[in-house]
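Single-structure report; data block below.
All of the numbers you see were taken from the coordinates with simple rules; none came from a lab. What you are looking at is a predicted structure, and each value in this text was computed from that prediction instead of being measured. All Cβ positions, glycine included, derive from the backbone under ideal geometry; neighbour counts span all protein chains shown.
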Amino acid sequence: MAEPVFVLHDHRKPRPHFDLRLEEDGVLRSWAVPKGMPTDSRHDRLAVAVADHDLEHATYTDEHKSIADHGTWALVDRSDRRFVFDLNGQDGVRRYALIDTGRDWLLHLVKQQP
């Protein structure tokens with residue numbers, strides 16, 4: 001079985017933001033990340049869950065949406081309110097955690113990288 005895919009869309013409309021999409025259960029689970037992916041472990045980023053997308057959306061682009069990064073992802077750990085995963089993208093592997101705050105999500109760059 002092939003590893004699940006991820007895509008990071010750079011979305012310019014209605015306001016600039018990024019969309020993180022992770023393949024799971026035959027769909028792309030999706031989060032809007034207004035300020036982009038965290039670049040250090042001290043600064044988490046807001047991630048707002050949005051509607052799942054069809055898998056075909058992983059390669060979708062248009063005049064307002066481009067692909068900033070793509071590749072595969074692997075689950076490292078999961079609990080009811082948090083899951084840790086590795087993104088194997090164009091520039092290598094980075095480990096992140098998505099943390100459910102009860103209202104939105106926080107996207108965290110894990111201090112211990114693979």
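Scanning segment 90-114 for residues that are among the small types (Gly, Ala, Ser) and more than 11 Å from the chain's Cα centre (by Cα), which turns out farthest from PRO38 (Cα to Cα)? Quick ask: steps written out before the conclusion?
Start the filter on segment 90-114 by keeping residues that are among the small types (Gly, Ala, Ser), which leaves 92, 97, 102.
Cutting the leftovers down to more than 11 Å from the chain's Cα centre (by Cα) gives us 92, 102.
Values: GLY92: 15, GLY102: 20 Å.
Going through the qualifying residues, I end up with GLY102.
Could you grab me the full set of residues in segment 1-44 that are out of contact with any Ser or Thr (no Cβ under 9 Å at 6 or more places or on another chain) and crowded, with 19+ Cβ neighbours inside 10 Å?
Correct list: LEU8, PHE18, LEU28, SER30, TRP31, VAL33, PRO38.
Considering only residues that are β-branched (Val, Ile, Thr) and farther than 17 Å from SER41 by Cβ, which ones fall in segment 79-102? First the steps, then the outcome.
From segment 79-102, those β-branched (Val, Ile, Thr) are 84, 93, 99, 101; that's our starting set.
The one that is β-branched (Val, Ile, Thr) and farther than 17 Å from SER41 by Cβ: THR101.
So the check is Cβ under 8 Å with 6+ separation or different chains; which pairs have a first residue in segment 55-67 that's in contact (Cβ under 8 Å) with a residue 24 or more places away in the chain and β-branched (Val, Ile, Thr) and a second one that's assigned to a helix (DSSP H, G or I) and surrounded by fewer than 14 Cβ atoms within 10 Å (Cβ to Cβ)?
ILE67/THR59
Say we look at segment 91-114 and pick out the residues that are more than 17 Å from LEU22 (Cβ to Cβ) and among the small types (Gly, Ala, Ser); which of these is surrounded by the fewest Cβ atoms within 10 Å (Cβ to Cβ)?
GLY102
Identify, please: which residue in segment 74-87 is touching a residue at least 40 places away in the same chain (Cβ under 8 Å) and over 15 Å from PHE18 (Cβ atoms) and is, among those, surrounded by the most Cβ atoms within 10 Å (Cβ to Cβ)?
Once the filter is applied, the top-ranked residue is PHE85.
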